[in-house]
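Student: Can you keep this structure in mind? I'll have questions shortly.
Derivation of every value follows stated rules applied to the coordinates shown; laboratory data play no part. On a predicted model such as this, the values are computed, not experimentally measured, just so you know. Because the Cβ atoms are built from the backbone with ideal geometry, glycine has one as well, and the counts that use them run over all protein chains shown.
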Amino acid sequence: MTLTLPAVIEAADLREGTPAIEAVVGETYTLGTLPAGIIVTGVCIVVTDVMGTGVTLKSDMGSAPLVAAADCATVGLTMSTTTDPVLLTTATDVTAEITGNPTGGSVSVVIDYTDYERATMSYIGEQ
C-alpha cells in the first residue's frame, strides 16, 4: 500500500478562482486507513520529488511511531524505526506530519503487509 502526501494537496483552479491548498507545517494528515486482520511487515518513506531544504516527515500508525524524521530534501528512501512485524486487530490510521518549509514535491509512505485473514483461510476440499 502506498500513501502519498504532496506539498500541494490541491492545485489552484483559475476558472473557479480558488487558491492552491498546500500542506501546512505542524498539521497532522491522515494518509489512509489500514484494515484489521493484517500483519504489517515493513514501512519506508520514499521521497520521489524533493519537498525543500530542511523539510522532514514524521509518520505514525495509530499511536505507534513509524518513522521519526525522514529527510525530504533529497530523493531517496528512509526505513521505518519499527522493525518488528505488527498484527493489527482493528482498523488503524496512518498519519504524517511535515516540519520545515515545503516548497513543493511529494513523499510516499510505503507499507508492506500480509492479509492474515486471507492467508489463514481454508479452501474447498482442503483437509
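Student: Report the label-to-label distance for residue 18 and residue 79 in nanometres (one decimal), using points 7 Å from each Cα along the Cα→Cβ vector.
Tutor: 4.2 nm
Student: Still on this structure, I have one more. Averaged over all directions, how much area does the convex hull of the C-alpha atoms of the range 17-83 cover when projected, in nm²?
Tutor: 6.2 nm²
Student: Here's another thing I want to ask about it. So between residue 114 and residue 93, what do we pick up on full extension, going 0.36 nm a residue minus the alpha carbon distance?
Tutor: 5.9 nm
Student: Do you know the relative contact order of the chain, to the nearest whole percent, from alpha carbon pairs under 8 angstrom that are 6+ apart?
Tutor: Numbers: 312 pairs, mean separation 47.9, N = 127.
Taking the mean separation of contacting Cα pairs over the length of the chain, I get 38 percent.
Student: Right, here's the next one. Between residue 33 and residue 11, what length comes free when the chain is fully extended (0.36 nm per residue of separation minus the Cα-Cα distance, one decimal in nm)?
Tutor: Once the chain is fully extended between residue 33 and residue 11, it gains 5.5 nm.
Student: Considering only C-alpha atoms, what is the centroid distance from the range 55-112 to the range 21-36, in Å?
Tutor: 10 Å
Student: Largest first and to the nearest Å, give the Cα extent of the chain along each principal axis.
Tutor: 62, 35, 23
Student: May I ask you to evaluate 6.51 cos²θ - 1.76 cosθ + 1.60, the Karplus curve with θ = phi - 60°, for each residue of the range 15-25 and list the ³J(HN,Hα) values in order in whole Hz, giving x for glycine and proline?
Tutor: 5, 7, x, 9, x, 5, 9, 10, 4, 9, 4
Student: Then there is this: Take peptides 20-28, 32-40 and line them up by average Cβ neighbours within 10 Å, highest first, as a rough protection proxy.
Tutor: Put in order of decreasing packing, that is 32-40, 20-28.
Student: Need one number: nm distance between label points at residue 103 and residue 69, each 7 Å from Cα along Cα→Cβ, rounded to one decimal.
Tutor: The two pseudo-label positions are separated by 2.1 nm.
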